[in-house]
Amino acid sequence: MEEPQRPHLFRRNTARGESTKSIGEVLRHARNREEQETLLDDEELADDDGCYPPRQNDDPRVPNPHSWLPVYTTIHKIRRLVLASIDDPYSLDQLRSPRMNVAVIRPLVDHLYDPDDVSIVYCLLVNRVQFLREQSYQAHHQTVNVTRANVCELIASRVLRRFDEDHEGRQGLLKVANVLVAGFEPFQNAPPEVVRENRRELHWTVRFKLARPEFHRMLTALEVAIVSEAKTFLTSSACQKIVENVYRGRIIYTPTSFIDILPDHYKSRGISLYDPRKAPLLNQYRLIVPRTRNIIEGCQFVLLLVLYILMMVSRAHTIGPSHLRFTVYELAFVIYAVGWNLDEVASICEHGWAVHTENLWSFLDSTFVVIFCTYFVVRMHGLVSMDAGTSKLAIDILSMAMPVLLPRLAFCLMPENMLFISLREMMSDFTFLTVLAVWCFSGFLIAMRWLSEAQDGSNAHSFGTIAKWMLWIWFGLDGTGVPRSVEMHWLLGPTLMITFAFFGNTLFLTILVAMLSNTYTNLASNATAEIQFRRAVLTFEGVKSDSLFAYRPPFNVLALVILLPLKWFLSPRWFHKVNITAVRVLNAPILLAVSLYERKYLWKRSRYLSPPRKHTWLTMWERFGAHGDLQAVFDTEPPQSVVDEIDDIDDILSDNMWDTGYVNALRARRGSRTTSVGSGVFGRNMSRDPALRSISNGNGIRRRTTRDEMTGPNVAEV
């Protein structure tokens, strides 16, 4: 029977090459990807800043290599395509179904993908933000705009994956990095009339020299994905590969920023690979690498917590003259905390409040900033007025920071724990519902206060007393307010109080528990996406452009006081020299330790440098069990002889597998090796088997083995 002809598949005219690959090509492709995890070769020379590819000249500023891309036109082109393709609401699972993939997603990806245009992903995510904004204002359109936003996210992840597949090696790594972290402007290459209409005056951050003029209104695809919470896009393997390399400092670039408090814009670097062997030994730019900065920030917070505990333990306990003077511990804490708070404010200004609040512990840091500022103002007022009671009140206010600082330490040590990730999201829901309940139930408070005023003056109750009774009933602590409500009115008082108890203690708490349970369930079901989203936020926020972050508290306060006025008197080149000299002197031990570490370990494979796995001690104990070899076999790389044997499978299977069958080709390969013959598994001689002779004759198989040859006496001997 004649074999039916296979259907012809559509083939894209891209740089992807063949759609089918042999086993050897797949292995070589995997090895090419692993080469990205190794140190740069000696012949691939970086410049004296450690950047590869090296700069072409000595200009301090690198021009924008993507200024020619039609970003404005692409954004509106994508919007028209998505509007024409999606008219009905679909869920995310429906969009991922094979039918929608063939009918909508894949044609759009094929149409939009351009290997030379790295702004496609940015334009797709910008449209996602717009569709989500339209949905919030146009609820009568059901969820069709949410579907369109999800379509943009899916297409962006597919396009990014295709960039990763089509570009291999280190140049491919740089290409994908440009897609994610290169800055683009929404009005880039827009028509002149559009530019005139939307740029009548400079942004205030540019006017006051708080942001780079060339980065005015520029955003990256990674930042837009974080703002729009495109978690499907951020969890893709291509995106996580770039995030991981940026986090470890293998990929370096000059980030865009909203406000720079201490700007040093003399130099800018393009997106490059970092070679620590060619970089200066004291490279001040390594202080803003996300992984290094995360470690430094953790140490800074531990020092802040230690100073806080020492201050509170040594504080005066009785009101008197001792509260009118600073102790050594309090003075050290205040100086250090001012620098720490300045660093936190600079973090908010760097990328804006929207990105900063996506950080896991941002609400704890913001709470401490408010508590410390309140303490500082009250403390200064007590010292100026010589009031010991006010000074004692300031210390009492500062004691409220302990419930914030201890959880903050746990968040730092376990940033990828689902309990803390869920706690952050549930705190948002809890705060919103609590504010809404207080707003609604304040009517009960005012009504009972008015009823109390209508009675005898001796029975009048204040707002504070009635609110205390209501709060106790709300949380089920005490029911004193119910019997005391008759003092307001014999009938209306108990009616209001019991009605409040029913709605507050029963209905509200039931809704609250249901909401929090639903939030935790949704987060737990997408645990991997949530963890990778937080990792992307931590990485993006860790790449800082403000020079203020290169100074450790409290030296950042001195830098702000001394260097910022100097900026108005020095040229950009001399200010840059003064700034990097001060940074290198103040951070010499840290820079030296980072440089020595990275020269040895930066480009080692990530599995050796990945964060400690959970329950490492348990994994070590398992090595002594019966199944320890299952893990040990993967701990070391196979020798070159084994790698060559794996590669040789391509000589037989790539050309001969479809003619003789997989088993016969594999037997021929194993029969040609003395080690396989000695094993006794395929122990026959190739010269005695016509099937194997046909496989190995000449330059390879050229004819199909017949059924008679495969069932002959030689085969029976096996």
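Any read-out appearing in this document is the output of simple, stated calculations on the displayed coordinates, not a laboratory observation. Because the structure is predicted, anything quoted here is derived from the model rather than measured. Cβ atoms come from the backbone with ideal geometry, glycine included; neighbour counts cover every protein chain shown.
Here each label is just a point 7 Å from Cα along the line to Cβ, and for Trp568 and Ser517 those points are 6.1 nm apart. Computing FRET efficiency as 1/(1 + (r/R0)^6) for Tyr597 and Thr528, where r is the C-beta to C-beta distance and R0 is 30 Å, gives about 0.55. The share of Cα pairs per 5 Å bin across region 420-539, counted from zero up to the longest distance, runs 2, 10, 18, 17, 12, 9, 8, 7, 6, 4, 3, 2, 0 percent. Each 10 Å bin, from zero up to the one with the longest distance, holds this percent of the alpha carbon pairs of region 290-413: 12, 43, 29, 13, 2. Packing-based ranking of 530-541, 428-439 yields 530-541, 428-439, ordered from highest to lowest mean Cβ neighbour count within 10 Å. Rounded to the nearest angstrom and listed largest first, the equivalent-ellipsoid semi-axes of region 479-519 from its Cα gyration tensor are 29, 8, 5.
Extension gain, Thr581 to His381, is 68.1 nm, computed as 0.36 nm per intervening residue step minus the present C-alpha separation.
Based on the Stokes-Einstein relation at 4 °C and a viscosity of 1.567 mPa s, and on the Kirkwood radius from alpha carbon pairs, region 507-572 is assigned a translational diffusion coefficient of 80 µm²/s.
Each peptide in 167-177, 469-479, 119-129 gets a packing score, the mean of other Cβ atoms within 10 Å over its residues, and the list from highest to lowest is 119-129, 167-177, 469-479. Working from the Cα coordinates of region 406-473, the gyration tensor eigenvalues give, after taking √(5λ), semi-axes of 41, 13, 6 Å in decreasing order. Would you mind classifying region 550-598 by shape? Square roots of the alpha carbon gyration tensor eigenvalues, ordered a ≥ b ≥ c; an a/c under 1.5 is rounded, otherwise it is prolate if a/b is larger than b/c and oblate if not. Because a/c hits 1.5 or more and a/b fails to exceed b/c, region 550-598 counts as oblate. Given a Förster distance of 22 angstrom, what is the FRET efficiency for Ser462 paired with Trp439, based on the Cβ-Cβ distance and rounded to 0.05? Efficiency computed from Cβ-Cβ geometry: 0.60. Amide H to amide H, with H built 1.01 Å from N, Val62 comes under 5 Å of Ser268, counting only residues 5 or more places away or on other chains. How would you classify region 345-487 from its alpha-carbon gyration tensor, with a ≥ b ≥ c the square roots of the eigenvalues: rounded for a/c under 1.5, else prolate if a/b is greater than b/c, otherwise oblate? In terms of gyration-tensor shape, oblate. Spin-label model, Trp450/Arg325: points 7 Å from Cα along the beta carbon direction are separated by 5.7 nm.
Working ranking of peptides 179-186, 103-110 by packing, defined as the average number of other Cβ atoms within 10 Å per residue, highest first, is 179-186, 103-110.
For region 290-413, the relative contact order works out to 29 percent when only alpha carbon pairs closer than 8 Å and six or more residues apart are counted. Taking a ≥ b ≥ c as the square roots of the eigenvalues of the Cα gyration tensor, region 63-248 is oblate, since a/c reaches 1.5 or more and a/b is not larger than b/c. A Förster distance of 45 Å, applied to the separation of the beta-carbon atoms of Ala84 and Thr374, puts the FRET efficiency at 0.25. Kindly flag which residue pairs out of Lys241/Lys278; Lys77/Lys241; Lys231/Lys278; Lys175/Lys231; Lys392/Lys544 have an alpha-carbon separation exceeding 31 Å in this structure. With Cα atoms farther than 31 Å apart: Lys231/Lys278; Lys392/Lys544.
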